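Reading through the structure tokens given below for one structure.
The values are calculated or read from the model by the stated rules, or taken from the named source; none is laboratory data. Since we're looking at a predicted model, the values are computed, not measured. With ideal geometry, Cβ positions are generated from the backbone for all residues, glycine too; neighbour counts draw on all protein chains shown.
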Amino acid sequence: MSSTASVAALLTIDADAVVANWRRLAAMAPAAACAGVVKADAYGLGMAEIAPRLAAAGCRDFIVALPDEALALRPLLPAAARLYVLGGLFDSDDVAALYARHDIRPALNHLGEIARWAALGARLGRKPPAAIHIDTGMNRLGLGPGELATLLAEPDRLGGIDVALWVSHLACSEDAEAAMNAEQLDRFTAALARLPSAPASLANSSGIFRGPGFHFQLLRPGAALYGINPTPGQANPMRDVVRLTAPVLQVREVEAGMTVGYNATRRFGEKTRLATLAAGYADGYHRSAGNRGVVHIAGRPAPVVGRVSMDLITVDIGDLPVDAVKPGDCADLIGPHNPVDAVAAQAGTIGYEILTSLGARYRRRYAPLDSRNSQ
Ligand SMILES: *Cc1c(COP(=O)(O)O)cnc(C)c1O
């Protein structure tokens, strides 16, 4: 595509690639089930589009962070699908009752939540299912060593609960060399040996790549489903999922000594040409990519020059033939030549933050990436 009427940045999301990524991760652990982590609107890519496709592919376990995310997701899923909320009960009987009504399972993060969920079960006259989060070193959520000891000493605390899943979360999973991976695995395994038997889950996306010992009975990938590389430093085994294009609004020549953009942060040593693109930090193109980012246009990389503005970025197209770029042409901000992880590195962040910051101003379409223009 070159100069069709592109009036706003366009975000193309390949939901089939998400499903292919899920199948690929699931195949790495044939004896385990593979969940779909779809919190934060499926990492910004649209839970309502993606979760039903994962369910149709056979995914039976879905994971979100917040009660509202679970309420939005429940009607989109088959009745048999299990839906877990990592944030737990939020210290609230109302939230607990809501979960019970809508067949939503909390991850219980401390003894108070276990007691609250058991009390709800007593009122309902049944044992409601839940995951229980065991902290093995992340120190964010989950029962710490003291609470775990209490639970082991007083197993009746679990009497009113159907423990459907033991969960723990890795702190350094993307780093194959980190000693903490094995330490957390050891702590989790030791805890499981003393707890009532139930399926267990330790591995996020990168954790799956740490080996079969990390797989247990349920994988919990998020990022890798959405094309983020779970093996940094090695080739990305996942398929790309997003392409973000923005139209050129104007092309201009600048003379040696001129500057571009707010605060004149870039001064040109020689005459060059610039293209101004209709996307900026309000669209999730991070301001930290000013003078560092690279877009792809007319088959070539073009560096972002000057500050990223709210609605605009400027790129140097001086290396391209004159007339190679015209207003109405599109540049890839994210695409096959500049995937999410590369864009993240240029902006000094991680792919997770790039995806979850994608703004609401894009036109969005769900379509295979390979059917779109390759410029
Ligand atoms: C977000 C999250 C995941 C998914 O992690 P990825 O690195 O995106 O695969 C899994 N488990 C927990 C507890 C999480 O918070």
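For the range 52-86, the set of residues classified as in a helix (DSSP H, G or I) and away from the ligand (no atom under 16 Å from the Cβ) consists of Pro52, Arg53, Ala55, Ala56, Asp68, Leu71, Ala72, Arg74, Pro75, Leu76, listed by residue number.
Within the option set Leu165, Leu185, Leu111, being more than 12 Å from the ligand (Cβ to nearest atom) and either in contact with an Asp or Glu (Cβ under 9 Å, 6 or more places away or on another chain) or modelled with pLDDT under 95 (or both) holds for one residue only, Leu111.
Out of the residues in the range 114-136 meeting the condition of being away from the ligand (no atom under 15 Å from the Cβ) and touching a strand residue (DSSP E or B) at 6+ places or on another chain (Cβ under 7 Å), tell me which one is farthest from Ala81 (Cα to Cα). Here the residue is Ile114. Set side by side, the residues Ala347, Ala331 differ, and just one is among the aliphatic types (A, V, I, L, M) and more than 25 Å from Glu253 (Cβ to Cβ), which is Ala347. Scanning the range 188-241 for residues that are more than 11 Å from the ligand (Cβ to nearest atom), part of a helix (DSSP H, G or I) and either without any contact (Cβ under 8 Å) to a residue 40 or more places away in the chain or under 23 Å from Ala130 (Cβ atoms) (or both) gives Phe188, Thr189, Ala190, Ala191, Leu192, Ala193, Arg194, Gly213, Phe214. Being hydrophobic (A, V, I, L, M, F, W, C) and in contact with a His (Cβ under 9 Å, 6 or more places away or on another chain) holds for only one residue in Val260, Val254, Val304, Val308, and it is Val308. A single entry from Leu89, Leu25, Leu45, Leu11 fulfils the requirement of being part of a helix (DSSP H, G or I), buried (at least 17 other Cβ atoms within 10 Å of the Cβ) and in contact with a strand residue (DSSP E or B) (Cβ under 7 Å, 6 or more places away or on another chain): Leu25.
Applying the criterion of at least 3 residues that are buried (at least 17 other Cβ atoms within 10 Å of the Cβ) to the strands (runs of 3 or more DSSP E) found wholly in the range 256-360 leaves 272-277, 294-297, 313-316, 330-334. Looking at the range 139-152, is at least one residue of a type outside the set (Gly, Ala, Ser), free of Cβ contacts under 8 Å to residues at least 24 places away in the same chain, under 28 Å from Tyr352 (Cβ atoms) and not in a helix (DSSP H, G or I)? Among the residues of the range 139-152, at least one is of a type outside the set (Gly, Ala, Ser), free of Cβ contacts under 8 Å to residues at least 24 places away in the same chain, under 28 Å from Tyr352 (Cβ atoms) and not in a helix (DSSP H, G or I), which makes the answer yes.
Of all the residues that make up the range 125-143, how many are of a type outside the set (Asp, Glu), surrounded by 14 or more Cβ atoms within 10 Å (Cβ to Cβ) and on the phi < 0 side of the Ramachandran plot? Of the residues in the range 125-143, 12 are of a type outside the set (Asp, Glu), surrounded by 14 or more Cβ atoms within 10 Å (Cβ to Cβ) and on the phi < 0 side of the Ramachandran plot.
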